[in-house]
Structures are given as structure tokens and as C-alpha cells.
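The values are calculated or read from the model by the stated rules, or taken from the named source; none is laboratory data. In this text, all values refer to a predicted model and were calculated from it rather than measured experimentally. Cβ placement follows ideal geometry from the backbone for every residue including glycine, while neighbour counts extend to all protein chains displayed. Keep in mind that these areas ignore ligands, DNA and RNA; they rest on the heavy atoms of the full protein, side chains included. Shrake-Rupley method; radii C 1.70, N 1.55, O 1.52, S 1.80 Å.
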Amino acid sequence: MTAIALLPTVAALRAQVRLWRQEGQSVALVPTMGALHAGHISLVEMGKRRADRVVATIFVNPTQFAPTEDFSKYPRTLDADVARLTEISADAAFTPTAEDMYPEGFCTTVSLRGPATAGLEDRFRPTHFQGVATVVAKLLLQALPDVAIFGQKDFQQLAVIRQMTADLDIPVAIEGAPTVREADGLAMSSRNVYLSEEERAVAPLLHRCMTKAAHRIRDGEALEAALSPARGKLAGAGFEIDYLEVRDAMTLATVEGRHRKGLRMLVAARLGRTRLIDNIEV
Ligand code: AMP
């Protein structure tokens, strides 16, 4: 097994990408916060299909966490992550430090409207997307890959990144990859390790209720009439719902009435101290 290149600095990343470019090779970037699971691995696999070389980035970005959120306890498993990336023949891991990304005096951020202010995640995490967009802009400009891969699991984030990349003329193609789930339907997430045994048993209800509501909508039921029993069932099982909504899949704008094409159902709900998010096509 060839060990992957460990790139701890922006300079090392740029030198590696320059070398590949000189050899005429294309490059895919897969940004992550580490604690890698099969969802992340599927993004790397997609990167391998899209480009000659794949760089995974591992950086728990402090600026996308609110002070009340889980930055300090976010799972960090660097050695296991690097072993996993080696196993699946990724080419490199970029692992910058916070000091490298945000040196003394750093004071520029990306300002967002459009999908970033759709009233979903942004309502509950008002500073989140500014942190995400700024770090993703930096990562894209640091690596200048041909393509960058993001998960549909974070559906609003994917829309924000597509919009930003287009608006700022960042010359990188953005690709979305399908959500990878556990056998019982729970969307894989680094945060699932926070779930207690009892909560883990209840958690798949989220996907089950969404799937059922989506069926009812496809069968012609009005949106709210289909969502309302799902909300009730989830609340009864102990979920505290931040939102469960159907939106236009392209713009994330609100929609009313009945089924039409191009709809997405998005949910965020807390189960104990774990906040779960998910979404499915309607
Ligand atoms: P994170 O490490 O949680 O910031 O996620 C890094 C990337 O992996 C993001 O583009 C996520 O959308 C994506 N991702 C996370 N979970 C999944 C999953 N279950 N399936 C597919 N992609 C995922």
C-alpha cells in the first residue's frame, strides 16, 4: 500500500498540486472535518472517478461553530483518518492548523445571501455558513483543484458553495454526492457518535418519517398535511424539531400546495444533545 502524502501546510499543498499539474494530472479536492466515515469515503471515491489525483482535507474549522456548539468536543481521529485514506488509495491529506488558516490579523469573510439565508440551517446557526463559505473559498483557492466534491447530506451547504463558487468566479467544478446511510436509514455523520444506545435506536425514525411523508406528497397529499403527522410522530419519539420542510430543490425557496417536480424535504432535529440533519428528494 502506498502511503498518502501528508500535507500539513498550504505551501506543501501547493507544491504537491504544482507537481501533479506539471505531469498533466487533474486534481479533485474533498473537504472534510475528519472523523471519516463511509460517507466521506464515498466522496473520495467519486473524486477518484473525476480526477487523476484526490486530496482530502481534514480541518475542524473553528469559524463555523457558534460558541455554544461542539467545537471542542468534535471527534478528532487523525491517525485513523490517514489510515483509512491510505487504504482507499487517496493521494494526499491536507491537514492545516488553525494558525495556518487564520493567522494573526485575519479579517476577511465571505458575505452571503440567497441559499445561505433560506431560513433553514441559517435560522438556527446564524454564523455557520459564513464560516463554511470562507473556509471553503480558502481551500479552493489554496488547492485550485479541477473539481471539489461535497455531500448532499448538507444540502443547504452544497447550494451555498455552488452559489459562492459561481459568484466569485472560482474556477473549480462543484459536484454533489448522494448521502450514504446506515442499513437502518440513518444518514452517516461524525456526530452520530454522540448518540446514546437508546437514542441510536430511535434515530432512524427521522429518515423513516421523511420517506413516508414524501410518499404521501407524491401521492397527491398537500405538503403541510403530509408533514404534520411526521412532525407529531418525531416529537412523540423525543425529537426536538428545528425544521421539517419541503423546499424548491434548486433555490431552497418555500413552496406551498401539492407535489410538483424539483422538491426537497429537509430536516434538522435534536435528539438529546445530538443535532441531526438530513434531506431527501420528494
Ligand atoms: P464534514 O466532515 O461533516 O464537514 O463533511 C465533509 C463532507 O462530507 C461534506 O461535504 C458533507 O456533506 C459530506 N458528508 C457528510 N456525511 C455524509 C454522508 N452520510 N454521505 C455523503 N456525504 C457526507
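Taking residue 216 as the residue in question, decide whether it is of a type in the set (Lys, Arg), on the phi < 0 side of the Ramachandran plot and more than 26 Å from the chain's Cα centre (by Cα).
Values: of a type in the set (Lys, Arg): yes; on the phi < 0 side of the Ramachandran plot: yes; more than 26 Å from the chain's Cα centre (by Cα): yes.
Yes, satisfied.
So that you can scan it fast, the table gives a plain yes or no per residue for (1) part of a helix (DSSP H, G or I); (2) surrounded by fewer than 16 Cβ atoms within 10 Å (Cβ to Cβ); (3) free of Cβ contacts under 8 Å to residues at least 12 places away in the same chain; (4) outside the structural domain of residue 161 (by TED's automatic domain parsing):
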residue: 207; (1), (2), (3), (4): yes, no, no, yes
residue: 215; (1), (2), (3), (4): yes, yes, yes, yes
residue: 227; (1), (2), (3), (4): yes, no, no, yes
residue: 258; (1), (2), (3), (4): no, yes, no, yes
residue: 270; (1), (2), (3), (4): no, yes, no, yes
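Within the range 147-161, is even one residue in contact (Cβ under 8 Å) with a residue 60 or more places away in the chain, aromatic (Phe, Trp, Tyr) and either in contact with a Gly (Cβ under 9 Å, 6 or more places away or on another chain) or farther than 26 Å from residue 53 by Cα (or both)? Checking the range 147-161: at least one residue is in contact (Cβ under 8 Å) with a residue 60 or more places away in the chain, aromatic (Phe, Trp, Tyr) and either in contact with a Gly (Cβ under 9 Å, 6 or more places away or on another chain) or farther than 26 Å from residue 53 by Cα (or both).
So that you can scan it fast, the table gives a plain yes or no per residue for (1) within 13 Å of the ligand (Cβ to nearest atom); (2) polar (S, T, N, Q); (3) assigned by TED's automatic domain parsing to the domain that holds residue 54; (4) closer than 16 Å to residue 268 by Cβ:
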position: 136; (1), (2), (3), (4): yes, no, yes, no
position: 143; (1), (2), (3), (4): no, no, yes, no
position: 146; (1), (2), (3), (4): no, no, yes, no
position: 151; (1), (2), (3), (4): yes, no, yes, yes
position: 160; (1), (2), (3), (4): yes, no, yes, yes
position: 210; (1), (2), (3), (4): no, no, no, yes
position: 218; (1), (2), (3), (4): no, no, no, no
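Number of residues in the range 45-87 that are open to solvent by less than 30 Å² (accessible area, probe 1.4 Å), free of Cβ contacts under 8 Å to residues at least 60 places away in the same chain and either farther than 22 Å from residue 276 by Cβ or touching a Leu at 6+ places or on another chain (Cβ under 6 Å) (or both) equals 4. Pairs needed: first member in the range 169-190, within 30 Å of residue 141 (Cβ to Cβ) and small (Gly, Ala, Ser); second member anywhere, in a loop (DSSP other than H, G, I, E, B) and within 9 Å of the ligand (Cβ to nearest atom); C-beta distance under 7 Å; at least 6 residues apart or different chains. Note: pairs meeting the criteria are 176/152; 177/152; 187/153; 187/179; 190/33; 190/35; 190/37.
Would it be correct to say that residue 90 is touching a residue at least 60 places away in the same chain (Cβ under 8 Å) and either closer than 30 Å to residue 248 by Cα or away from the ligand (no atom under 13 Å from the Cβ) (or both)?
Taking the combined requirement at face value, the residue satisfies it.
Annotation: of all residues in the range 184-202 being assigned to a loop (DSSP other than H, G, I, E, B) and within 13 Å of the ligand (Cβ to nearest atom), the one that is nearest to residue 73 (Cα to Cα) is 189. Looking across the range 166-183, the residues that are within 15 Å of the ligand (Cβ to nearest atom) and open to solvent by 10 Å² or more (accessible area, probe 1.4 Å) come down to 172, 173, 174, 175, 176, 178, 179, 180, 181, 182, 183. Name the single residue that is farthest from the ligand (Cβ to nearest atom) among those in the range 45-69 being modelled with pLDDT of 95 or more and among the hydroxyl-bearing types (Ser, Thr, Tyr). Step by step, filter the range 45-69, then rank; the result is 63. Selection over the range 145-157 of residues that are open to solvent by 10 Å² or more (accessible area, probe 1.4 Å) and either out of contact with any helix residue (DSSP H, G or I) (no Cβ under 7 Å at 6 or more places or on another chain) or of a type in the set (Asp, Glu) (or both) gives a count of 3.
Taking the range 14-44 as the region of interest, how many residues are away from the ligand (no atom under 13 Å from the Cβ) and either in contact with an Asp or Glu (Cβ under 6 Å, 6 or more places away or on another chain) or without any contact (Cβ under 8 Å) to a residue 24 or more places away in the chain (or both)? Step through it out loud before you land on a result.
Of all residues in the range 14-44, those away from the ligand (no atom under 13 Å from the Cβ) come to 14-27.
Now restrict to residues that are either in contact with an Asp or Glu (Cβ under 6 Å, 6 or more places away or on another chain) or without any contact (Cβ under 8 Å) to a residue 24 or more places away in the chain (or both): 15, 18-19, 21-27.
Here the count works out to 10.
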